[in-house]
Amino acid sequence: MNISKSEKLFEEAKLYIPGGVNSPVRAFKSVGGNPLFISRGEKGKMIDADGNEYIDYIGSWGPHLFGHNPEFIKKALLESIEDGTSFGAPTEIEIKMAKLIVELVPSVEMVRMVNSGTEATMSAIRAARGYTGREKFIKFEGCYHGHADYFLIKAGSGALTLGVPTSPGVTKGNAADTLLADYNDINSVKELVAKNKNEIAAIIIEPIAGNMGVIKAEAEFIKELRQICDEEKIVLIFDEVMTGFRVSKGSAQEVLGIKPDLSTFGKIIGGGLPVGAFGGKKEIMEQIAPSGPIYQAGTLSGNPLAMAAGYAALSHIKDNPGIYDELEKKSLYLADGFMHNLNELGKHFAMNRIGSMMCMFFVEEDVKDFKTAIKSDIILYGKYFHEMLKRGIYLAPAQFEALFVSTVHTTEDLDKTIKAHYDSLKTIL
Ligand SMILES: *Cc1c(COP(=O)(O)O)cnc(C)c1O
């Protein structure tokens with residue numbers, strides 16, 4: 001039997017890197033099989049180490065709104081690298097980047113750059129705690145905010161309201177300060193707020209959840225969340241690491257019409273380089289060091305190459321606001337094709353979509369929170385994933401992830417994907 005180059009590389013990688021990967025979901029554990037090693041990305045496609053070509057709907061897990069290696073980002077990087085790679089001193093491009101984020105997202109008055117989404121969310125929580133002098137915060141089951149200790153907590157079982165760590169190495173102390181509420185269930189929030197009066201620093205939420213499949217916060221729910229935070233002087237944090245500049249040029253907060261106190265960004269704002277950011281009300285952000293006492297720092301934060309790529313991406317968004325209509329059109333076309341296939345096959349799987357983020361759940365009922373999301377048949381998803389891969393379509397190797405459409409996916413790509421979707425489902429159902 002022929003062993004592929006990807007398989008060989010994976011065997012070698014496992015000798016030197018835990019599980020052979022630098023981030024767990026890449027290892028295909030939840031769908032089975034071995035990951036593909038990628039050697040090149042070009043527009044809407046990726047080419048693996050064996051030379052196979054795939055239409056890519058992961059887009060590096062979100063950053064590639066314009067597909068792989070767009071000319072304007074490549075040009076910005078090549079220009080920037082001529083001047084050096086890092087100075088550890090302020091540069092002008094950091095001001096340009098901050099001003100552009102402030103311009104595009106009205107709730108953000110000041111912003112601090114970091115190097116990942118995880119850093120952005122953990123720093124935002126620290127800012128909220130430092131600003132309010134309170135220690136607890138509320139997160140929602142099924143939302144992902146990176147891998148800082150106090151986010152890796154799930155609801156305890158039974159009547160116990162104490163959260164429990166989801167990973168060894170996370171302390172009970174951390175779990176004690178993280179309160180778990182149910183997405184789209186305002187009463188679960190009200191209960192926690194009442195029980196922990198004047199102790200809650202922040203409520204953090206993905207305003208459009210993209211880490212339990214794709215689920216939008218209901219309008220009334222998010223409005224009430226804002227009200228509760230105002231009444232109780234709780235800092236409302238929108239984690240827009242995935243949705244920021246993905247669903248609209250003003251991010252999910254523009255779509256929902258709600259202003260958070262702090263926002264976190266990542267993925268798209270780095271133009272494919274490792275970048276995160278947190279920002280919001282001046283009153284809170286001015287408490288960050290060195291203008292205030294809340295410590296936060298980073299040797300490579302605001303790195304000139306990363307800023308060049310990120311600034312090129314955001315400038316492109318600012319100068320081409322029409323891209324969101326284009327993304328909507330392409331995504332609707334794809335979703336309609338999928339729906340048509342499902343009707344033909346007599347299946348009524350939940351298809352959630354907001355702009356260019358979508359997810360098909362293998363369950364025939366509405367998915368609006370974590371409880372309904374996890375009813376999806378993930379064994380079936382694994383089979384579907386591999387059938388799609390065989391047909392040259394690269395989806396996330398896990399059910400509870402988003403499918404991302406980019407501006408450079410062509411009608412031909414979308415048609416091929418819709419056909420593969422039909423053939424794959426026909427094979428496995
Ligand atoms: C990806 C993601 C993060 C974590 O970002 P990293 O850059 O992977 O650390 C945090 N929050 C949300 C909503 C995300 O989608």
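The values are calculated or read from the model by the stated rules, or taken from the named source; none is laboratory data. Everything numeric here is computed off the predicted structure, so don't read it as measured data. Cβ coordinates were reconstructed from backbone atoms using ideal geometry, including for glycine residues, and neighbour counts include every protein chain displayed. We work out accessible area using only protein heavy atoms, side chains counted, and drop any ligands, DNA or RNA first. Shrake-Rupley method; radii C 1.70, N 1.55, O 1.52, S 1.80 Å.
Taking every residue in the range 203-230 that is within 16 Å of Lys190 (Cα to Cα) and pairing it with any residue that is in a helix (DSSP H, G or I) and within 11 Å of the ligand (Cβ to nearest atom), at least 6 positions away or on another chain, the pairs with Cβ-Cβ distances below 8 Å are Ile204/Thr121; Ile204/Ala124. Inclusion of Val193 among residues that are hydrophobic (A, V, I, L, M, F, W, C), within 13 Å of the ligand (Cβ to nearest atom) and surrounded by 18 or more Cβ atoms within 10 Å (Cβ to Cβ) is not warranted.
With respect to being open to solvent by less than 70 Å² (accessible area, probe 1.4 Å), among the β-branched types (Val, Ile, Thr) and free of Cβ contacts under 8 Å to residues at least 60 places away in the same chain, Ile153 fits the description.
Evaluated against (1) β-branched (Val, Ile, Thr); (2) assigned to a loop (DSSP other than H, G, I, E, B); (3) surrounded by fewer than 19 Cβ atoms within 10 Å (Cβ to Cβ), Thr407 falls short on exactly one condition, (3).
Quick one: how many residues across the range 257-278 are near the ligand (Cβ under 9 Å from one of its atoms) and either under 9 Å from Val241 (Cβ atoms) or not assigned by TED's automatic domain parsing to the domain that holds Asn303 (or both)?
We begin by selecting, within the range 257-278, every residue near the ligand (Cβ under 9 Å from one of its atoms); these are 264, 266-267, 270, 274-276.
Filter again for either under 9 Å from Val241 (Cβ atoms) or not assigned by TED's automatic domain parsing to the domain that holds Asn303 (or both), leaving 264, 266-267, 276.
So the count comes out to 4.
Picking from residues in the range 115-133 that are closer than 11 Å to Gly280 by Cβ and over 20 Å from the mean Cα position of the chain (by Cα), the one that is surrounded by the fewest Cβ atoms within 10 Å (Cβ to Cβ) is Tyr131. Taking the range 121-152, which residues are hydrophobic (A, V, I, L, M, F, W, C) and within 15 Å of the ligand (Cβ to nearest atom)? Listed by number, the residues that qualify are Met122, Ala124, Ile125, Phe137, Phe140, Cys143, Ala148, Phe151, Leu152. Would you check if there is a residue in the range 181-192 being over 25 Å from Glu224 (Cα atoms), touching a helix residue (DSSP H, G or I) at 6+ places or on another chain (Cβ under 8 Å) and touching a residue at least 60 places away in the same chain (Cβ under 8 Å)? Checked the range 181-192: no residue is over 25 Å from Glu224 (Cα atoms), touching a helix residue (DSSP H, G or I) at 6+ places or on another chain (Cβ under 8 Å) and touching a residue at least 60 places away in the same chain (Cβ under 8 Å).
No other residue among Glu119, Glu141, Glu109 is in contact with a Phe, Trp or Tyr (Cβ under 6 Å, 6 or more places away or on another chain) and within 17 Å of Ile237 (Cα to Cα) apart from Glu141.
Just so you know, in the range 235-254 the residues that are away from the ligand (no atom under 15 Å from the Cβ) and open to solvent by 10 Å² or more (accessible area, probe 1.4 Å) include one that is nearest to Glu103 (Cα to Cα), and it is Lys249.
Do you know which residues across the range 53-77 are at positive phi, open to solvent by 20 Å² or more (accessible area, probe 1.4 Å) and within 14 Å of the ligand (Cβ to nearest atom)?
From the range 53-77, those at positive phi are 59-62, 67, 69; that's our starting set.
Now drop any that are not open to solvent by 20 Å² or more (accessible area, probe 1.4 Å), which leaves 60-61, 69.
Within the range 53-77, Ser60, Trp61 qualify.
Of all residues assigned to the range 346-367, at least one qualifies as being surrounded by fewer than 19 Cβ atoms within 10 Å (Cβ to Cβ) and free of Cβ contacts under 8 Å to residues at least 12 places away in the same chain. If I filter the range 93-107 for residues that are at pLDDT 95 or above, within 16 Å of the ligand (Cβ to nearest atom) and open to solvent by less than 50 Å² (accessible area, probe 1.4 Å), do I get at least one hit? Yes: the range 93-107 contains one or more residues that are at pLDDT 95 or above, within 16 Å of the ligand (Cβ to nearest atom) and open to solvent by less than 50 Å² (accessible area, probe 1.4 Å). Screening the candidates Asp230, Asp239 for the property of being in contact with a His (Cβ under 8 Å, 6 or more places away or on another chain) and either over 30 Å from His316 (Cβ atoms) or in the same structural domain as Thr118 (by TED's automatic domain parsing) (or both) yields one hit, Asp239.
Quick one: which helices (runs of 4 or more DSSP H) lie wholly within the range 153-247 and hold at least 2 residues that are within 21 Å of the chain's Cα centre (by Cα)? Give the derivation first.
Details: elements: 172-177, 186-195, 219-232.
The helices (runs of 4 or more DSSP H) meeting that bar are 219-232.
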